[in-house]
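Remarks on the structure that follows.
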Amino acid sequence: MSSSRPQILMLVHRVPHPPNRGDRIRSYHLLRFLAQRADVWLATLADEPVAAGTHAALAGLCRQIAIEPVGRSRWLRGALSLAMGRSATEGLFACGALRRTIGRWSRQVRWDAVVVFCSSMLPYADLPALRGIPLVVDLVDVDSQKFLDYAALARGPRRWLYRLEGHRLRSLERTLPGRAQAILLVSEAEADLYRRICPNDCTRALPNGVDLDYFHPTPDGPSSWEPLPDRLRTSLVFVGALDYHANVDGVRWFVHEVWPHLRQALPQLTLALVGRKPGQAVHRLAQAGGVRVFADVPDVRPYLAAADLAIAPLRIARGVQNKVLEALAMGKPVVVSPQAAEGLTAADRGALLVASSPQEWTDQIIRWVADPTGRAALGRAGRDYVVAHHAWSRTLAPLASLLRLPADPAAHHAAHASPHATPGASAVTSLATSF
């Protein structure tokens, strides 16, 4: 039996499960949204061991899955790519096995659209088997600017390497309007930046959302969580991947430049750094009085709930910060840097406490730590705001019309074949006419 559902090939640079870091959160919810409305063929790379349960979770969403490890040789491929005049990124995510899988799949099905997630996967869109198929690229952020921002803060050879990678990626990003029918970015600020770099009329913002059932301020909400014991309660909490350069840079700056002033004013103040794979640079921060590192915790929600304030002191930030939306969804006031707020609208920023200099950070935190009634009111307002504006169903809704997919997935499931049916040559609508 053939499927009458649209057929979509989704190319992702990192396995979109579990949704435990920024890129995975977005790619996972994008995958779920598409899978509710179409048959998705997922081709993805793995730069670390695949988590238990990932295959089963993805199999429940996808028609076919290919997960290929990139291996340690990716660093050699990245260096060779740089030496040959391309970006290191193109070499780091090159995988012959994934290319062969896409070629084999293309002999079984005619895809109605190809969705590429991040610039890392753009070279795969040039495969002969994919020519002529409508292409949608979710850049998420302008990666070239991220590396140029890294260069501005780096020294020595790293500054040169970051700047070179930024310029090489910018050249790649500028090729997109001639190849893609739609280019998506995570915020209007990122979309405007990309349009300045590469003027075009096919770029639009597709903001991040937050899982409002999962990130709920009460332990017995739609998705329950276990509160922490009182001994683990903290004044401040930072939640984020602790092996990610921008996060590490931000928390190091905060502990070195802000924390001494805070502890001098409030010696009892405590800070929890919560996230995956912290390196030595992060663990060393625990030598400062009152700072604790919680590595690879199974659930970050209890740590958010147990803190008075969440912080996002990022000096390098692109797009919309999931960590900020999640803290707001948990009913926590969030103090952020201007960089961490940059991808948010003026209305979004109204739910946040913005601080720039060490003195501003110190003043904001001292004020709100001392005001539990005010914190509670801010927390309720923040939760109300993300409920109204950042549910995934709301933020991803434009994708349905862009790809000519059903707006109501339930109705589509009732009317059409199972997404796991044997592939056929036809689809209910050709997406080639949608762009």
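See the values below:
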item: Helices (runs of 4 or more DSSP H) wholly inside the stretch 284-341 containing at least 3 residues that are closer than 24 Å to residue 186 by Cα and in contact (Cβ under 8 Å) with a residue 12 or more places away in the chain; result: 322-329, 338-341
item: Top-ranked residue in the stretch 343-364 [being part of a loop (DSSP other than H, G, I, E, B) and modelled with pLDDT of 95 or more; ranked as nearest to residue 386 (Cα to Cα)]; result: 355
item: Residue in the stretch 136-150 that is without any contact (Cβ under 8 Å) to a residue 60 or more places away in the chain, within 22 Å of residue 23 (Cα to Cα), open to solvent by less than 40 Å² (accessible area, probe 1.4 Å) and assigned to a strand (DSSP E or B) present; result: yes
item: Cross-chain or 6+ apart pairs with Cβ under 8 Å, the stretch 202-213 first and under 20 Å from residue 329 (Cβ atoms), then open to solvent by 10 Å² or more (accessible area, probe 1.4 Å) and assigned to a strand (DSSP E or B); result: 209/391; 210/391; 212/391
item: Hits in the stretch 231-262 (condition: open to solvent by less than 20 Å² (accessible area, probe 1.4 Å) and not aliphatic (A, V, I, L, M)); result: 234, 235, 238, 240, 247, 250, 254, 259
item: Selection status of residue 170, under 23 Å from residue 86 (Cβ atoms) and open to solvent by 70 Å² or more (accessible area, probe 1.4 Å); result: no
item: Condition met for residue 65 (touching a residue at least 60 places away in the same chain (Cβ under 8 Å) and touching a helix residue (DSSP H, G or I) at 6+ places or on another chain (Cβ under 6 Å)); result: no
item: Qualifying residues in the stretch 175-230 (those that are crowded, with 16+ Cβ neighbours inside 10 Å, polar (S, T, N, Q) and at pLDDT below 95) - the one nearest to residue 323 (Cα to Cα); result: 208
item: Residues (farther than 21 Å from residue 174 by Cα, touching a residue at least 60 places away in the same chain (Cβ under 8 Å), in a helix (DSSP H, G or I) and not aliphatic (A, V, I, L, M)) located in the stretch 98-129; result: 105
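The values are calculated or read from the model by the stated rules, or taken from the named source; none is laboratory data. None of these values were measured; they are calculated from a predicted model. Using ideal geometry, Cβ is built from the backbone for each residue, glycine included, and neighbour counts are taken over all protein chains shown. To get the accessible areas, we keep the full protein, side chains included, count just its heavy atoms, and leave off ligands, DNA and RNA. Shrake-Rupley method; radii C 1.70, N 1.55, O 1.52, S 1.80 Å.
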